[in-house]
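As structure tokens, the structure follows; a few thoughts come after it.
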Amino acid sequence: MNADTNAIIHAFLVTQTALTAVVSTRIHNPRLPEGTTLPALGFFTRGGESTPYIPGLLTPSVQFDCWGASPQSAREVYRALYDVLQGIQNIKVTISGSDYYIKSAIEEVQGQDLQDQDIPKYYRVLTFFSIMIQAEA
């Protein structure tokens with residue numbers, strides 16, 4: 001099964017009140033649309049692995065861009081994201097009647113504070129998570 005891991009992760013994140021309290025509905029994949037109000041979160045799968053020996057078990061490496069109008073605001077998005085992802089286990093996510101399980105989420109790279117050189121007053125914290133998803137029962 002070739003599950004849409006981005007859709008599964010998005011479906012999980014939009015239900016997390018600790019995160020939506022900070023970014024509202026501004027959780028985008030793969031990138032923020034131009035003119036997005038800040039703070040916001042963008043993410044995309046940048047790689048990962050799957051194994052033919054365990055079909056339906058996927059481990060994408062996911063890049064998260066935590067955006068804010070100040071370094072502190074971007075850090076607040078990062079802290080909320082970290083709190084809802086780091087160490088979670090066996091979380092059920094249902095999309096269009098199909099059940100998926102986020103078996104685990106582990107931060108690969110701690111948040112890095114960056115300032116966008118091309119867009120003034122856009123700050124971000126960049127982080128990466130390894131997320132194990134069971135797409136088949």
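When you count, for each residue, the other Cβ atoms within 10 Å and take the mean per peptide, how do 39-49, 96-106 rank with the highest first?
Order by mean packing, descending: 39-49, 96-106.
Given +1 on the Cβ of Lys and Arg, -1 on the Cβ of Asp and Glu, and no further charges, what dipole in debye does the chain carry about its Cα centre, rounded to the nearest 20?
200 debye
Counted by Cβ distance under 14 Å from residue 115, the other residues give a net charge of -1, where Lys and Arg count +1 and Asp and Glu count -1.
Obtain the radius of gyration and the Kirkwood radius of the chain from its C-alpha atoms and give Rg over Rh. So for the chain, dividing Rg by the Kirkwood Rh gives 0.98. Extension gain for the segment residue 4 to residue 31, taken as residue separation times 0.36 nm less the Cα-Cα distance, is 8.1 nm to one decimal.
Here r is the Cβ-Cβ distance between residue 121 and residue 61 and R0 is 25 Å; the resulting FRET efficiency, rounded to 0.05, is 0.30.
Per DSSP helix of 4 or more residues, -39500 (n - 2.57); summed, then divided by the residues of the chain. What does that give at 222 nm, rounded to the nearest 500? Value at 222 nm, helices only, nearest 500: -6500 deg cm²/dmol.
Axis angle, to the nearest 10 degrees, between helix 71-85 and the longest C-alpha principal axis of the chain: 10 degrees. Subtracting the Cα-Cα distance of residue 112 and residue 92 from their residue separation scaled by 0.36 nm leaves 4.2 nm.
Each reported figure results from applying straightforward, stated rules to the coordinates on display, with no laboratory input. Remember, it's a predicted structure, so these values are computed and weren't measured experimentally. A quick note on method: Cβ atoms are made from the backbone with ideal geometry, for glycine too, and the neighbour counts reach across all protein chains shown.
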